[in-house]
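> Can you keep this structure in mind? I'll have questions shortly.
The values are calculated or read from the model by the stated rules, or taken from the named source; none is laboratory data. Model, not experiment: these values are computed from the prediction. Positions of Cβ are generated from backbone atoms using ideal geometry, with glycine treated the same way; all protein chains shown enter the neighbour counts.
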Amino acid sequence: MLINDRLCQAYGASWGFKVPGSERGKLLFKLADLIEQHGDELAALDALNVGQPFNMVKNFMVSTALSQLRFYAGHAGKVTGQTVESNENKFTYTRREPYGVVGQIVPWNGPLVSCFKFFSSTGKEILTMTG
């Protein structure tokens, strides 16, 4: 699938305002569970890809990716804006909105960790390319 096709598919996906933060959190927790379930396979692929020892990838890279992902999953339903009184007749408010689709080029020596490093619970679908 070409990157442009993937971008178009991701842009049309239901995420962001269409999916409440609590639901995004559930989906991220499910992704973390799947990564944990297939941790050995992902560690083997990552070790082959980057040339690092399997145990280092499994014990550091996979566990770090899991902790980052679970952190953002727990935070997804807690992102709120603020309401501030601008003057006596007016209020100003901020609203945290998902960015939508973003692209990311990550370093070759740690794609699993880097993929989730910039992942935000405000709702981004990340398309990752390793160099």
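> For the range 29-85, enumerate the residues that are in contact with a strand residue (DSSP E or B) (Cβ under 9 Å, 6 or more places away or on another chain) and not charged (D, E, K, R).
Within the range 29-85, N49, V50, G81, Q82, T83, V84 qualify.
> Could you tell me whether any residue of the range 78-98 is modelled with pLDDT under 80, in contact with a Ser or Thr (Cβ under 7 Å, 6 or more places away or on another chain) and among the small types (G, A, S)?
yes
> Test D46 against the stated conditions and say whether it is acidic (D, E) and surrounded by 13 or more Cβ atoms within 10 Å (Cβ to Cβ).
Yes.
> Which of the following residues is under 18 Å from V113 (Cα atoms), modelled with pLDDT under 85 and assigned to a helix (DSSP H, G or I): N55, N49, N4, N59?
N49
> Before we move on, is K117 modelled with pLDDT under 85, over 23 Å from K18 (Cβ atoms) and of a type in the set (K, R)?
Yes; evaluated as a whole, the condition is true for this residue.
> Restricting the search to the range 7-26, which residues are more than 18 Å from R96 (Cβ to Cβ) and either modelled with pLDDT of 85 or more or not hydroxyl-bearing (S, T, Y) (or both)?
The answer is L7, C8, Q9, A10, G12, A13, K26.
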